[in-house]
Amino acid sequence: MGVALAALFLVIVARTREPRPVRAGVAPFARAGLAILLALAFVWLVPPVGLETEQAERAMLALVAFGAAVVATRRATLHQLLGIVMVENGLVLGAIELPGGGSLGIELGVALDLVLIAVVAVVFHERIFAEFGSGDTAALESLRD
């Protein structure tokens, strides 16, 4: 699955090359600080969710926090897509680390969910790029009813 997603992202980057870099609205150090603070807050505030190890719970929460921070602070649709994939990978880790081992059906279902979300997001990215000539979500502010 991972190789297929990487290949999909490579094809999308090659097909929708940005004419100029899409700048984030937040400085890099501020984004990193926000992601770290969010991850620490999740680890400290979220009660144990019942995974096999405490490290797995922390890793799951950190992936969810880092993905949420990427989605919230980046304007490029591909970066937002990668943030969504990070959140979904955190959920996959949680499904894999269930006590007694999750059933193969659950693990395959979560992996299929990840692929479907990525494919739908790629279709949205390509549509936005075709319409506006860029994957910058700031261009979407011009849309009105």
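A few notes on this one:
- Charged side chains reduced to their Cβ positions (Lys and Arg at +1, Asp and Glu at -1) give the stretch 26-136 a dipole of some 400 debye around its Cα centre.
- Taking amide H as placed 1.01 Å from N in the peptide plane, residue 76 has its amide H under 5 Å from the amide H of 137, each at least 5 places away in sequence or on another chain.
- Debye log10 I(q)/I(0) for the stretch 26-136, one point scatterer per Cα, at q = 0.16, 0.20 Å⁻¹: -0.79, -1.04
- Karplus 3J(HN,Hα) series, Hz, for the stretch 43-56 with 6.51 cos²θ - 1.76 cosθ + 1.60 (x for Gly, Pro): 5, 6, 9, 7, x, x, 9, x, 7, 4, 10, 5, 5, 5
- Cut-off 14 Å between beta-carbons: net charge of the residues surrounding residue 138, Lys and Arg +1, Asp and Glu -1: 0
None of the figures in this text is laboratory data; all of them are computed from the coordinates on show. This one's a predicted model, so the numbers in the text were calculated from it and none came from an experiment. So basically every Cβ, Gly included, is an ideal-geometry build from the backbone, and we count neighbours across all protein chains shown.
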